[in-house]
Every structure is written in structure tokens, then in C-alpha cells.
1. Carbon-plus-sulfur fraction of the accessible area of the stretch 51-115, 1.4 Å probe, in percent?
2. List residues of the stretch 45-89, by number, whose backbone nitrogen lies under 16 Å from a label position 7 Å along Cα→C-beta of SER24.
3. If ligands, DNA and RNA are left out, what is the accessible area of SER29 with a 1.4 Å probe, given in Å² to the nearest 10?
4. Give, in whole angstrom and from largest to smallest, the semi-axes √(5λ) of the equivalent ellipsoid of the stretch 1-75, with λ running over the eigenvalues of the Cα gyration tensor.
5. For SER54 paired with TRP105, estimate the spin-label separation in nm (one decimal), with each label point 7 Å from Cα along the Cα-to-Cβ line.
6. Would you please give the residues with an amide H less than 5 Å from that of GLY108, counting only those at least 5 places away or on a separate chain, with H modeled from the backbone geometry?
7. Just the accessible area per residue of the chain, please: how many Å² with a 1.4 Å probe?
Amino acid sequence: VQLQASGGGLVQAGGSLTLSCVASGGFFSLNTMAWYRQAPGTQRELVAVITSGSTTNYADSVNGRFTISRDNDKKTVYLQMNSLKPEDTGVYYCKTRTLGRNEYWGQGTLVTVSS
């Protein structure tokens, strides 16, 4: 399985961005997909997850502002980010977990939120 993330960039506080992650290989529709982020000097943290049945879960820090969704036909998972804050700055990674519990990571896309 390979994952290609895109959509990062520079945005002002209060703005919006949508990240995309396209998967190749594997059985996308059966896999759990997630977005993580890592700010400089910190550990990677879970931002949002969506199961094969489209059940979602969010970190408290983004709940109500971010929305994770998936398009199985396009083998793509999205992260719509609204009301962005400077503390949302970091490299965002997508990850997939297969039914066999194998995990694969994308290369990351940088999001910078200016105050």
C-alpha cells in the first residue's frame, strides 16, 4: 500500500484547508484511515480517524473544526480543516491500517497557520 498526501500550505488563522490522501494498492474500502500531525519538537499525534464503516473520531483539540471523510471509489481520504489556529501548524500524515493490522504511512504534507 502506498499513500500520497497533498493539500498543505500556508494559511492565516481562521482560514481553511483541505488535505487529501490517495491510496494505491490494497483494499482501500476495507481499511481504517487516519490523519496524524507532528509539530516541531513534539511527538506525532492522532488528529482524526475514519473506519471502513465511516465511523469517525477526533482529537479533542480539533473536534468541531476538522472533518475526516473518505471516497472509496477514488481511494481517497480527506481532512477538511476549518477555523485553523497557529497551534494546528505541523506536518500532517495519513495512515492506513489493513484488516491484517499492517500499517502504512504517507510522506506528510506541511500545514503552516500564521497568526
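1. 42
2. 74-77
3. Accessible surface of SER29 is approximately 50 Å².
4. One finds semi-axes of 22, 14, 13 Å for the stretch 1-75.
5. Result for the modelled spin labels: 3.0 nm.
6. Correct list: ALA5, CYS94.
7. Here the residues of the chain average 53 Å² of exposed surface.
The values are calculated or read from the model by the stated rules, or taken from the named source; none is laboratory data. Remember, it's a predicted structure, so these values are computed and weren't measured experimentally. Note: ideal-geometry Cβ built from the backbone for every residue, glycine included; neighbour counts use all protein chains shown. For the accessible areas, the whole protein counts, side chains as well, though only heavy atoms, and no ligand, DNA or RNA atoms are used. Shrake-Rupley method; radii C 1.70, N 1.55, O 1.52, S 1.80 Å.
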